[in-house]
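Engineer: The structure's right below; bear with me while I get my questions together.
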Amino acid sequence: MTVSQGKENKLNSIIRASRIISRMNQASPEARKSNTLYYQMIADYYTRLLEASKEGKFIAAHTVFFPTEILYAMDIVPMHTETTTWMIALFTGHSADMLSAGVELGLASEICTPHRGLAGAFALGVLPRPSVMLWSNLVCDNTAKSGELLMEINHCPGFFIDHPFQRSEDEEKYLVGELRDMIHFLEEQSGRKMDWDRLADIVARMDRQIELFREINELRKAIPTPFNPQGFLQLLTIDYLFPGRPEATKYLETLRDELVERVKAGQGAVSPERFRLMSLFIPPMYLIGFLEKISQEYGAVSVTEPFFTYWGEGALDPAKPLESVVKKSYMLPEMRMYGPLDERALNGIVNCAEQYRVDGAVYYADVGCRHTCATIKLFKDVLDRIDVPVLTLDCDVVDPTITSEEDVRDKLEQFFELLEDRQ
Amino acid sequence: MFGWLCTYIPEEILHAAGALPIRITGYSKETELEDGNAYLYINTCSFSRSCLQLGLKGEYDFLDGVVGGSTCDGARRLFDLWRNYIDTPFYHVLTVPRKYTQPAHDLYHSQVKQFKTHLEEFLGIQITDESLYRSIVVYNESRNLLKRLYELRKFDTPPISGTETMEVLNTCFRMPKELFNEWLRSLLDELSIRENSHKSRARLMVVGSVMTNPEFIESIEELGGLVVTDELCTSTRYWSDPVVLDRNITPLEAISQRYLNNFPCARMFPSDERFNRILDLARDFRVDGVISQIVRYCVPYAHDLPLLTERLKGQGIPTLALDVEYGTSGSGQIRTRVQAFLEMLEAKRN
């Protein structure tokens, strides 16, 4: 499995850009302190990864919704694969070479760009070679099927976590067993032992972080809402990259405190707040700056994201760390759409729309994402029952050739006009 | 009558309950999928869209129930939409693990038990071990007869073509198995004295996504290729591996073991289980080349393709990769590519 090699290290671009944003934030009296912390954390995450690679340390590459807590408890350096592809698109705006390299490997165009780009990135040597590849079937076939090819490209061993589709006692027990087997695999491969006390501490912090996520969500119900239009992407990244880490708690507490102050002061993220939106799925990363700008321009702000920020009920128990990691995997907001989309799952969307008093929803229909796009009609119909209009934006989270900024602007402007007419 | 979607659904349980299991296959011809597209979006595979289209048109209204599994994104979303827009009285989805480990078997077995209980409650009956044994015998007989049919295809000039075999298989999904077995026994008797045997330019194997259209195979065979075997969930992966009865386990356990251990779909891990069985088939049926037909947006097979191609190449077997829509008859560009592939295989042989 080879493709023509290119040696550009895009991770350095992420680090450089994050440090610059962080410093600019620090220098600006109006900037949110949480924003400064966030970009510092991103820069530190990738610096740690590059240093580990240089020093020949044990690195575990893993896919999305992976229980990274286990890696931190074993003091193993993680590399979140899909997030890294998104970050490259976000910070460099340039992922065409990675996508082409994925095609060169024989991956068909229907394989989503984060995974096609990822395989290409490894083949090009853009990303550090991991010691092991870890992946699961959360939440789609692309994730489930990506690991074996990445193992071959990287000439490394791997472990696949089989996450059951539904939730029952048997299924949770099965998942605990899967995690135990993975820990055993990691112990063998890395020569490190699982530190169960450390995992318990991480679980305790994770429990606290979930509480903070919920507090932040509560604050976002305020009118005007205090959190910036595309800010939810930071919340996603925090859980993707830093679950149970002390710096994540610090970020979330800082953000929570900032939002409390803003709510007290009646200070909205956009002024005036005209349209409260529900975001369904992930916007194109290369358009984040533009989306933030147009949101400010039109007073539109995402106040809820049922599949990304709306955590399930329950609490974690540090006395049962592994069971808690399993429990958390079922509490993930994204899990709302992994199991069967029954009445309960659909009611979750309606509840979000009502509680956050949304005027409309924007469905980012990533053309490469089959398990989300197949729900467009269903979610539209569910939201239609409570008279919430939905804009479907065909796009790609990574590939800028699918939709242009102008096209997105046109569609958003038309949607905002529609919302205005309704008001 | 109960519709089932995927080879990980144990048909014997439906049969033992006195129901007629019918495979949901959608339109096995190229057709307009307006409703399927509107409800499932075009990046869902055309197989799922086709099944939903038929369901939305009311053409599955005769079904008393549908049974599916968490097998792939297309299947699970099809069932999400089916549940919400099509009024079928009974509905059940099984969690199907992706591994072959003992805990995976335990989980799948518990899922199969739940399915049996749900069905018993719905029908107000009890599915006894005796009735399960009887159904296992009937289904194993079908598997055995199909295996005999495939054995005939190993001959230098087989008495049955790939197109005809696909037609046989299509009937298998829709008629009572007892009748099918009777019918297939007669066919095998006929084939044993059949004179018009099939010669070819190359012996081919078709692998990849779900496929039920004999015209696709016909278009290959019209060009002189002979499809002697396949790795499809509508053929070899459907009938391979009998339920092994063992005094030490219940019939339900035997059924569960068979379905999870059966010739795997690309969804299963590790993929080498599937690849090795493909390589075995290619060797046993003396295949010159492999045609991989992957329905657009069938991601599990698309991910496997680079790895499978490499393994086949290692055995000196070339692969032709075709991106198709479900139900395609293999016209136009596909014929051109198959023609070129056959020429390449001939040149390689000479």
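The values are calculated or read from the model by the stated rules, or taken from the named source; none is laboratory data. Remember, predicted model here, so these are calculated numbers, not experimental data. Counting neighbours? That spans all protein chains shown, and the Cβs are built from the backbone with ideal geometry, glycine included.
Engineer: Restricted to region A:121-152, and to residues that are at the interface with chain B (Cβ under 10 Å from one of its Cβ atoms) and within 20 Å of A:S100 (Cβ to Cβ), which residue is farthest from the chain's Cα centre (by Cα)?
Structural biologist: The qualifying residue farthest from the chain's Cα centre (by Cα) is A:E152.
Engineer: Name the one entry in A:E110, A:E82 that is out of contact with any Leu (no Cβ under 8 Å at 6 or more places or on another chain), among the acidic types (D, E) and either at pLDDT below 90 or assigned to a helix (DSSP H, G or I) (or both). Steps first, please.
Structural biologist: Working: A:E82 fails: out of contact with any Leu (no Cβ under 8 Å at 6 or more places or on another chain).
Result of the check over A:E110, A:E82: A:E110.
Engineer: Return yes or no: is B:S28 under 18 Å from the mean Cα position of the chain (by Cα), of a type outside the set (A, V, I, L, M, F, W, C), part of a helix (DSSP H, G or I) and under 24 Å from B:M166 (Cα atoms)?
Structural biologist: No: the conditions fail for B:S28.
Per-residue answers, yes or no, for (1) surrounded by fewer than 19 Cβ atoms within 10 Å (Cβ to Cβ); (2) modelled with pLDDT of 95 or more; (3) part of a helix (DSSP H, G or I); (4) small (G, A, S):
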| site | (1), (2), (3), (4) |
| --- | --- |
| A:A319 | yes, yes, no, yes |
| A:L341 | no, no, no, no |
| A:H371 | no, no, yes, no |
| A:V398 | no, no, no, no |
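Engineer: Sticking with this structure for a sec: Within region A:376-391, count every residue that is β-branched (V, I, T), more than 7 Å from chain B (Cβ to nearest Cβ) and farther than 13 Å from A:N351 by Cα.
Structural biologist: 1
Engineer: Of the residues B:D246, B:D230, B:D284, which single one is surrounded by fewer than 16 Cβ atoms within 10 Å (Cβ to Cβ) and either under 23 Å from B:R148 (Cα atoms) or in contact (Cβ under 8 Å) with a residue 24 or more places away in the chain (or both)?
Structural biologist: After applying the criteria, what remains is B:D284.
Engineer: Being more than 14 Å from chain A (Cβ to nearest Cβ), in contact with a Phe, Trp or Tyr (Cβ under 9 Å, 6 or more places away or on another chain) and either at negative phi or free of Cβ contacts under 8 Å to residues at least 12 places away in the same chain (or both) narrows it down to one of B:F62, B:F79, B:F90, B:F47, so name that one.
Structural biologist: B:F90
Engineer: While we're here: Report yes if A:S22 is touching a helix residue (DSSP H, G or I) at 6+ places or on another chain (Cβ under 6 Å) and in contact (Cβ under 8 Å) with a residue 40 or more places away in the chain, otherwise no.
Structural biologist: No; evaluated as a whole, the condition is false for this residue.
Engineer: On to the next question. Hey, can you tell me all the residues within region B:45-70 that are among the hydrophobic types (A, V, I, L, M, F, W, C), closer than 24 Å to B:H118 by Cα and assigned to a loop (DSSP other than H, G, I, E, B)?
Structural biologist: Selection gives B:F62, B:L63.
Engineer: Additional query: So A:Y174 ticks every box in (1) surrounded by 20 or more Cβ atoms within 10 Å (Cβ to Cβ); (2) within 23 Å of the chain's Cα centre (by Cα) but one. Which box is left unticked?
Structural biologist: Among (1) surrounded by 20 or more Cβ atoms within 10 Å (Cβ to Cβ); (2) within 23 Å of the chain's Cα centre (by Cα), A:Y174 violates only (2).
Engineer: OK, next. Consider A:S95 carefully, then state whether it is away from chain B (no Cβ under 14 Å) and either more than 21 Å from the chain's Cα centre (by Cα) or under 30 Å from B:V324 (Cβ atoms) (or both). Steps first, please.
Structural biologist: Numbers: away from chain B (no Cβ under 14 Å): yes; either more than 21 Å from the chain's Cα centre (by Cα) or under 30 Å from B:V324 (Cβ atoms) (or both): yes.
Yes; evaluated as a whole, the condition is true for this residue.
Engineer: Identify the single condition in (1) modelled with pLDDT under 95; (2) buried (at least 18 other Cβ atoms within 10 Å of the Cβ); (3) away from every other protein chain (no Cβ under 14 Å) that A:V325 does not satisfy, given that it satisfies every other one.
Structural biologist: (1)
Engineer: Spot the failing condition for A:T85; the list is (1) within 14 Å of chain B (Cβ to nearest Cβ); (2) in contact with a Pro (Cβ under 6 Å, 6 or more places away or on another chain), and only one is missed.
Structural biologist: (1)
Engineer: Taking the criterion of being closer than 22 Å to B:I9 by Cα, of a type in the set (D, E) and within 14 Å of chain A (Cβ to nearest Cβ), would at least one residue in region B:268-280 satisfy it?
Structural biologist: Looking through region B:268-280, at least one residue is closer than 22 Å to B:I9 by Cα, of a type in the set (D, E) and within 14 Å of chain A (Cβ to nearest Cβ).
Engineer: Somewhere in region B:233-243, is a residue touching a residue at least 24 places away in the same chain (Cβ under 8 Å) and out of contact with any helix residue (DSSP H, G or I) (no Cβ under 8 Å at 6 or more places or on another chain)? Give the steps one after another, and end with the answer.
Structural biologist: Filtering region B:233-243 for residues touching a residue at least 24 places away in the same chain (Cβ under 8 Å) gives B:233-243.
Subsequent filtering for residues that are out of contact with any helix residue (DSSP H, G or I) (no Cβ under 8 Å at 6 or more places or on another chain) retains B:233, B:237.
Checked region B:233-243: at least one residue is touching a residue at least 24 places away in the same chain (Cβ under 8 Å) and out of contact with any helix residue (DSSP H, G or I) (no Cβ under 8 Å at 6 or more places or on another chain).
Engineer: Residue by residue through region B:171-184, note down the ones that are under 19 Å from B:I24 (Cβ atoms) and touching a helix residue (DSSP H, G or I) at 6+ places or on another chain (Cβ under 7 Å).
Structural biologist: Those that are under 19 Å from B:I24 (Cβ atoms) and touching a helix residue (DSSP H, G or I) at 6+ places or on another chain (Cβ under 7 Å): B:T171, B:C172, B:K177, B:F180.
Engineer: Looking only at region A:128-151, decide whether some residue is aliphatic (A, V, I, L, M), within 23 Å of A:S13 (Cβ to Cβ), at pLDDT 90 or above and assigned to a loop (DSSP other than H, G, I, E, B).
Structural biologist: First, pick out the residues of region A:128-151 that are aliphatic (A, V, I, L, M): A:132-134, A:138-139, A:144, A:149-151.
Next, only the ones that are within 23 Å of A:S13 (Cβ to Cβ) stay: A:150.
Now restrict to residues that are at pLDDT 90 or above: A:150.
Next, from what is left, pick out any that are assigned to a loop (DSSP other than H, G, I, E, B): none.
For region A:128-151, residues aliphatic (A, V, I, L, M), within 23 Å of A:S13 (Cβ to Cβ), at pLDDT 90 or above and assigned to a loop (DSSP other than H, G, I, E, B): absent.
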